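Visitor: First, the structure itself, so that you have it in front of you.
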Amino acid sequence: MVLVCETKLRKPLGHVLERFCPQHVLRELLPEVPSTLRDSDVPELFREPFICSGYRPVGRAWKYYALSLFLCHNEALNVWTHLLAILVLLARFCAFLCTAAPLPALYGLPLHCFAGACLIYLSCSVLAHLFQSKSELAHYSFYFLDYVGVGAYQYGSALAHYYYCAELDWLRVMRPFFLPAAALLGWLSCLGCCLSKMHFRRPYPTRRKLCQLVPACLAYMLDISPVVHRLAGCWAAGCADPAAVYHGLQIALFLVASAFFSCPVPERYFPGSCDIVGHAHQIFHTFLALCTLAQMEAVLLDYWGRRDVFAARGDHDSIYVACGLFGLLLLGCGCSVLYLRHVLQRRLRKRSD
């Protein structure tokens, strides 16, 4: 991301090179690229604790926020970490589909739902961080969309873990309620994040973080339970399962990501020094993207190497219902978000009258 390009070269060579300067291209698309602002120059809604600069101005054209992908601001790395993760995940998944021997379509349906869930949450995150500075309504709307992605990813993970990663003795206990509970917690996680975003005002109290984290933590503990059960048995027996390494890695990366999501470190101790690079949310994004890539690798290994376990399950007909629940969850989260956005619009309209 070259954001400033000096063009003090002598002509004619300097004149030629100037045409290829990224900043020059942006000036043609945006006649005036505004500089970023201090926290005191933007409304309180758009400020982040201990982040003192690098804010984009509010109320610009949509084109400005789209092209701010190539500008230097405090959301740039939040966007790029997940955008690059999308490209890597797509490349890995497509490479797997091209090299793997064909298997029954029914067997691959949960895998495609999982890959779709990963792409949904990463894409929603990119859109939220890219466009949330447009206006107050856009800020809430795009973060609501981000929370839909969170719910989708939670259930997509549960689906993959259930069909490809679980052991048969775990299934005998958890089969009746695991996926319905995962779908319910995914919706509650989305709803809890949306309501806490609407209800609390900056500076956010601690209980706002609790409203976000409690349903998300419950969903994660349920979704990861088949993996934890399998790892416990695997490590106790001293097995050399290659997927177990990636499963252990995804759990470790998720725990590190959660720690940075919960605590504004290091910017708490160095206010203003981590505005563009190095603040907690960027680190959270980085570890979460790595967690997703490790999880994808583990699921692909299990998909290919545990077909005998899948064949012994005896519940193949449930796949259509389970994947249908994924669509139902997306519909439920989408309807909830649209209703809350409508409530928010009415609130903003009343305040402006």
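The values are calculated or read from the model by the stated rules, or taken from the named source; none is laboratory data. What you see is a predicted model, and the numbers here were worked out from it, not measured in a lab. Glycine gets a Cβ as well: all are built from the backbone with ideal geometry, and neighbour counts include every protein chain shown. When the accessible area is computed, the model is the full protein with side chains, heavy atoms only, and any ligands, DNA or RNA have been set aside. Shrake-Rupley method; radii C 1.70, N 1.55, O 1.52, S 1.80 Å.
Visitor: From the residues in region 156-170 that are within 22 Å of residue 216 (Cβ to Cβ) and not aromatic (Phe, Trp, Tyr), which one is surrounded by the most Cβ atoms within 10 Å (Cβ to Cβ)? If you could, list the steps in order and put the result at the bottom.
Guide: Of all residues in region 156-170, those within 22 Å of residue 216 (Cβ to Cβ) come to 156-162, 165-166.
Filter once more, so that each one left must be not aromatic (Phe, Trp, Tyr): 156-161, 165-166.
Numbers: 156: 28, 157: 27, 158: 30, 159: 27, 160: 27, 161: 28, 165: 26, 166: 23.
That would be 158.
Visitor: Can you tell me which of (1) closer than 26 Å to residue 124 by Cα; (2) in a helix (DSSP H, G or I); (3) open to solvent by 40 Å² or more (accessible area, probe 1.4 Å) is the one residue 203 doesn't meet?
Guide: Failed condition: (2).
Visitor: Filter region 67-103 for residues that are within 13 Å of residue 129 (Cα to Cα) and of a type in the set (Ser, Thr, Tyr); which is most open to solvent (accessible area, probe 1.4 Å)?
Guide: Per the criteria, the residue is 81.
Visitor: Can you give me the number of residues within region 227-271 that are closer than 19 Å to residue 296 by Cβ and not in a helix (DSSP H, G or I)?
Guide: 1
Visitor: Hey, does region 255-266 have a residue that's modelled with pLDDT under 95, among the aromatic types (Phe, Trp, Tyr) and either open to solvent by less than 50 Å² (accessible area, probe 1.4 Å) or over 22 Å from residue 69 (Cα atoms) (or both)?
Guide: There is at least one residue in region 255-266 that is modelled with pLDDT under 95, among the aromatic types (Phe, Trp, Tyr) and either open to solvent by less than 50 Å² (accessible area, probe 1.4 Å) or over 22 Å from residue 69 (Cα atoms) (or both).
Visitor: All but one of (1) outside any helix (DSSP H, G or I); (2) touching a Phe, Trp or Tyr at 6+ places or on another chain (Cβ under 7 Å) hold for residue 176, so report the exception by its number.
Guide: The failed condition is (2).
Visitor: For residue 196, which of the numbered conditions (1) touching a residue at least 60 places away in the same chain (Cβ under 8 Å); (2) among the hydroxyl-bearing types (Ser, Thr, Tyr); (3) within 27 Å of residue 62 (Cα to Cα) fails to hold?
Guide: Answer for residue 196: the failing condition is (1).
Visitor: Let me ask you something else. Tell me, please, whether a residue that is within 30 Å of residue 316 (Cβ to Cβ) and of a type in the set (A, V, I, L, M, F, W, C) can be found in region 251-270.
Guide: Step one: of region 251-270, the residues within 30 Å of residue 316 (Cβ to Cβ) are 251, 254.
Checking which are of a type in the set (A, V, I, L, M, F, W, C) leaves us with 251, 254.
Checking region 251-270: at least one residue is within 30 Å of residue 316 (Cβ to Cβ) and of a type in the set (A, V, I, L, M, F, W, C).
Visitor: Condition (residue is among the aliphatic types (A, V, I, L, M), at pLDDT 95 or above, more than 21 Å from the chain's Cα centre (by Cα) and within 24 Å of residue 217 (Cβ to Cβ)) applied to region 118-137: is it met by at least one residue?
Guide: Checked region 118-137: no residue is among the aliphatic types (A, V, I, L, M), at pLDDT 95 or above, more than 21 Å from the chain's Cα centre (by Cα) and within 24 Å of residue 217 (Cβ to Cβ).
Visitor: Scan region 323-345 and report the pairs whose first residue is assigned to a helix (DSSP H, G or I) and whose second residue is of a type in the set (Ser, Thr, Tyr) and at pLDDT below 95, with Cβ atoms within less than 8 Å and a gap of 6+ or a chain change.
Guide: none
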